[in-house]
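J.: Starting off with a structure, shown below.
The values are calculated or read from the model by the stated rules, or taken from the named source; none is laboratory data. These numbers come from a predicted model, not from an experiment. Cβ placement follows ideal geometry from the backbone for every residue including glycine, while neighbour counts extend to all protein chains displayed. Each accessible area value is taken on the protein alone, full model and side chains, heavy atoms only, with ligands, DNA and RNA left out. Shrake-Rupley method; radii C 1.70, N 1.55, O 1.52, S 1.80 Å.
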Amino acid sequence: MQTSMISHERLSRMLLCVTVLRTGVVTFRTSFGGNTTIEQMRERAKHQGKSTTSRFLPIMQLIQTTSTLYRLPSVRFYVYICDTYCYEFRDLPLFVIAKPSNREGILMPDDTFTGEVSWEQSCASIHQNSCSPEKKIPIIYFKGARTGARYRMEKKYNKVIEDHKWGTRCIFEAYAIESKIMQVNIDGMHEPMHTWCKYKYLLNMPGHQPWSYRFKYLLTMQSLVIDIVVHQQYGSDTSDYNTRWNNFFDAFIRHNRDYVQVPLRWVEGDDAHNEREHIRVIQRVYKIFAYFEKNAQAYRDMVDSCTRRLTRISQAAVYHGMSVVINEYADAIRSASIPDVDTRLGLVMDTPVTPARGVKRRAANSTTRP
């Protein structure tokens, strides 16, 4: 199994300690900023751009807004703000934004629900650009970055992609070159998400990690979503692997009713197996396309079912869901014996953190100014 063990310094950058009081007061603590306010984190996010720490701000805003809308119990909890899984402390009750379904963790809404563009605003933009199935272009479509592209494939189209990972997007791109029913664009200019509404079938593929932020947005586009699910196996132990990664909103949807799920079993270091598996998955995707093209009612039923369920996830539902998670956690720690979270994670958060390169440079420049 992949342990993905990292240094305490790097791990500490991904932890947010949250203390909630019955009075509604919420305090935040990070290893790189100590006791931190939302305003201070907003300033940090301005300078650091799309870094790991920039994800802290929307998570903090989510929790703070939840505390103003709902009466929360006095409780302290830790949020692991990262798109990877925290194998280092998999026995601790950490709040996470995604996790393999066969691993421990407390799922909460991810940082894009309350980011610079809120979930509600994104859904409104997508709804304005949606159209009926009859007006959609009947192809399988994917647009994204060349992430997760660490797979070596030399035989087809002379493509050589260095390093080693699943590389699903690149492999699909190679096969789509000769396809009349699939278009995979992982290069070129940025496209607003709402432009994808015009395609009848939308692919969700893994990037650097086996889950993506985009999935929930695809489900709102009134197109049929085909989700490529990576099951990760590290090493030779076939009994120990990561199954499908789950997110907060997965409680609202179900595969084969609201969307179609296609599993892909990826085995570290087994190139022959991985190439066969990708070919099998691509063939499966083509069969799914053929089936729904011949069965318009089945297409309509699945898309309508998905749309009904996604409309239940309003911005208010996100805050309500966060309040439920916090309340249930507080109840659990009062009634169950759990590991000493504060002691173990406190040591990690107290690990000295080297300032980011950009922060060093700004500090140095500020001392030279008159």
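J.: What are the extents of the Cα atoms of segment 193-277 along their three principal axes, listed from largest to smallest and rounded to whole Å?
T.: Extents along the principal axes: 42, 26, 22 Å.
J.: Quick check on my link table: of K216/K287; K180/K200; K180/K216; K99/K198, which ones sit more than 20 Å apart, alpha carbon to alpha carbon?
T.: K216/K287; K180/K216; K99/K198
J.: Just order 90-96, 206-212, 266-272 by mean Cβ neighbour count inside 10 Å, highest at the front, would you?
T.: With the highest mean Cβ count within 10 Å placed first, the list reads 206-212, 90-96, 266-272.
J.: Just reorder H255, H273 by solvent-accessible area, largest first, 1.4 Å probe, all chains present.
T.: These residues rank, largest area first, as H255, H273.
J.: Once you have the Cα-Cα distance between H47 and Y87, take 0.36 nm times their residue separation minus that, and quote the gain in nm to one decimal.
T.: This chain segment gains 11.4 nm when fully extended.
J.: Taking a 1.4 Å probe, which of E275, E178 shows the most accessible area, and what order do the others take after it?
T.: Listed by decreasing accessible area, they come as E178, E275.
J.: Between A124 and A272, 0.36 nm times their residue separation minus their Cα-Cα distance comes to what?
T.: Using 0.36 nm per residue and subtracting the Cα-Cα distance, I get 48.8 nm.
J.: Could you check the spin-label model distance between V324 and Y286? Points 7 Å from the Cα along Cα→Cβ, value in nm.
T.: That separation, rounded to one decimal, is 4.2 nm.
J.: Once you have the alpha carbon radius of gyration of segment 16-116, what is it after dividing by 2.2 N^0.38 Å, with N set to its residue count?
T.: On the way: Rg = 13.4 Å, N = 101, 2.2 N^0.38 = 12.7 Å.
It is 1.06.
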